[in-house]
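To start, the structure itself, in structure tokens.
The values are calculated or read from the model by the stated rules, or taken from the named source; none is laboratory data. All values derive from a computational prediction rather than experimental measurement. Here the Cβ positions follow ideal geometry from the backbone for every residue, glycine too, while neighbour counts run over all protein chains shown.
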Amino acid sequence: MDPSATPPLRVKNLRGDQHSRDPSPNSHASGSTHSRSSSFSRRDSFGSVKEADGIAQTFVDSKQSKTESKTGSDKSSSWAMTLDPMQAPEFCCPCGGFRGWKQIRLGGRRMSRSYSDLRFLGRSSSRGWAWDDDEDERPVEKKKKPKEPEKQRVTIESLPVEVLTQIISYLALDVPPNGYTPRNMDLVSCLLTSRTLHSATLSVLYRNITIPHSVIFSKLLRHLRQYPALGTIVRRLDFSHFTSVGLGRTRQMNAEIQNLTSRTLLDCLELLPNLMELLFQEHVEDDIDTAVIRKVFTGLPNLRAIDFCACASKGFSSRFLDAISTDLPAVLPQLQRVSLHECNSLPPAAFETLLPRLVHLTHLDVAHTQITEAALFSIPETARITHLNLAKCTRLTGPQVVRFLTTHSAVTESLVYLNLMADPSRYRLLEAEDVTELLPKLPPTLRSLNLNGARVRSEHVPLLLPLTKHLEELGLSNAELTTDDLNSFFIPPEKEDKEQEASPWQPPALHYLDLSRVSSITLGTLVNPKALVLVSPHSEPLEVIELSDKLIATLRDRTKPGRSNGWTIRELGRRGWYVREPPTAPDGSPQRVDDGSRKWKMGARWWGMRKVPMTVGEVGGLYGHYMFKK
């Protein structure tokens, strides 16, 4: 590099002193020639930039050239290169091509040539000035305001799996419209949307499986055999809608087709290791053999609910007894809800063998069975029964049932639903003294009480009044009550002594009353508000009154088209109700009213159910028949 081509500014040393150069061109030339002749070694120039040895714009102190000190061939050149900086002249001569400070372009920037601007220009390089060791002396750049984060679009796939599964579950149909049309088409569409929705939809689609007929069962079994991992998703297997009616087949034809048999049913249960709820009924009882029953009680460790509704054939009863009599564990801790509703052919030994093992029992439906008092008292004290159905159990006696309900720890503090219905024409369970002993000891947790067929008289009204403050359903069929007794449920009593402070009147919580076959309820008293306040605004929140067939037929004939007193008739199967119509808003549209759904009903949306549900879901199929029609 030719020192003469460097502007005067570049000859500053680290002390900031200016050094002059020999203005004579000869001295420059001689120095340059000597540099080329010294074995082609680069001469250390005083204050020059070593571009070959370091980074550009790195200023260093030069050393005396050893070659020139030894040869001494050109004293003037050697003197110029080894001049003591302290003896430098006070002037500096620019090079020949120098046209002035203002004409020098500093990296394309237009700025003054002050020290601060030149220093700022040095900061734009990778290292800056060599003497800028103190970070605090550097000019502080203005910090740019951080940009606001862009709003990200949240897609449905980014939701948590639990939330996504809950959303998709609203598309699932627990009760199919019928057994032959395609079901859950919305879920099938979700399967084809994306990978995330596919995995979430699979858990919804296979969580609760409803089998309406044998063809669907055959398809399910074939699919589970092909993809066994899907069987781990299944939590409920529901046969409550199963039927062969409408397929044009007989039982013999179904047996020959071999879609649903005891063998295929067992194979299906083997592929469902995490099954929690299993719902059978009378239409599949011939396919439930000993191996299937043994698998239910011993081979499904996560099973919580089992329902054998109306399985009453002799073959089923013998197979059931054989299965639970051998190899049954001493305790079944996982099983909590058991229904043997209308299994009237099961022998008493079946109940005495099964019930003592249900240490965590919460729901028990043994309506119209041969359960005995010994089996009832064999229920472990660790059980906490909330739903108990003892309707039409002819082997039970009133005093023993009352003793069980008032002394056994499994029911004294936890009952929510209690059905003690009986047909007095055949058998009366509770006499008047039994009712007197039972009513004061019923727990405040009770919400539904069915005393149909019990000998309830006017003397029991003071005992019933406290119960009406928390009961929502009350069955009093065949009760010997007057209209004044029924009015006392909804009208506060008159004060006998005005000076005596009476407790404040608490309105009843009753929404449903079963008054069928009550002699005081006639067409004249029912529609006359002065005689009976049941169909007047004073009876609110009462909205459903169950009546006998004869009275319902009379009301139907009396009702004229286009004329209404605020109540209407509803019929289903053998039962009929007088139902309060929903009130209308000022604009004429009906207001939203209570649809009857309660947590303790486990999905049922009507009043007066006579079968205990074992699962939470829509009620239909054969279960709906036994719950509301029969």
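Tabulated values for the structure
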| item | result |
| --- | --- |
| From L376, L418, residue being at pLDDT 95 or above, over 32 Å from the mean Cα position of the chain (by Cα) and not in a loop (DSSP other than H, G, I, E, B) | L376 |
| Residue count for region 575-600, restricted to those that are modelled with pLDDT of 90 or more and surrounded by fewer than 10 Cβ atoms within 10 Å (Cβ to Cβ) | 1 |
| Filter result for T525 (part of a helix (DSSP H, G or I), modelled with pLDDT of 90 or more and polar (S, T, N, Q)) | yes |
| L205 vs. criteria within 20 Å of the chain's Cα centre (by Cα) and aliphatic (A, V, I, L, M) | yes |
| Per-region count, region 321-352, residues over 31 Å from the mean Cα position of the chain (by Cα), not in a loop (DSSP other than H, G, I, E, B) and not small (G, A, S) | 6 |
| Tally of residues being in a helix (DSSP H, G or I) and surrounded by 20 or more Cβ atoms within 10 Å (Cβ to Cβ) across region 440-480 | 2 |
| Residue that is more than 20 Å from the chain's Cα centre (by Cα) and at pLDDT below 85, where the choices are P212, P149 | P149 |
| From V338, V331, residue being closer than 22 Å to Y626 by Cα, touching a residue at least 12 places away in the same chain (Cβ under 8 Å) and not aromatic (F, W, Y) | V338 |
| Every pair of residues 6+ apart whose Cβ atoms lie under 7 Å, when the first sits in region 363-387 and is closer than 21 Å to L449 by Cβ while the second is outside any loop (DSSP other than H, G, I, E, B) and among the charged types (D, E, K, R) | H363/R337 |
| Qualifying residue in region 555-574 (condition: among the acidic types (D, E) and in contact (Cβ under 8 Å) with a residue 24 or more places away in the chain) | no |
| Residue, nearest to K611 (Cα to Cα), within region 421-439, restricted to residues that are in a loop (DSSP other than H, G, I, E, B) and among the acidic types (D, E) | D423 |
